[in-house]
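The values are calculated or read from the model by the stated rules, or taken from the named source; none is laboratory data. It should be emphasised that the depicted structure is a prediction, and the values quoted were computed from it without experimental measurement. Don't worry about glycine lacking a Cβ; one is built from the backbone with ideal geometry, like all the others, and counts go over all protein chains shown.
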Amino acid sequence: HHHLHSIPVDVSVAAFQLALSENRTDALVRLAPRLAQARLGSSLLSYLVRNNYPEVALLFAKDHRS
């Protein structure tokens with residue numbers, strides 16, 4: 001039963017990475033709060049910084065605070 005809860009998060013992460021690769025900021029803004037709720041905020045932020053997306057990381061961090 002535990003696996004069922006991780007499916008939406010995995011899909012969100014994949015969608016986030018796809019949007020990132022396509023530079024679709026609108027999709028990133030939409031997905032950020034959902035991923036932050038799933039407590040993936042900090043790991044995604046480090047992923048963004050590591051992969052040279054500091055502007056997206058800032059946008060995500062700003063959204064994460066609200």
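List of remarks:
- Scanning the range 13-42 for residues that are modelled with pLDDT of 80 or more and polar (S, T, N, Q) turns up 17, 21, 23, 25.
- Taking first residues from the range 11-28 that are touching a residue at least 12 places away in the same chain (Cβ under 8 Å) and at negative phi and partners that are surrounded by fewer than 14 Cβ atoms within 10 Å (Cβ to Cβ) and of a type in the set (A, V, I, L, M, F, W, C), the Cβ contacts under 9 Å between residues at least 6 apart in sequence or on separate chains come to 27/18.
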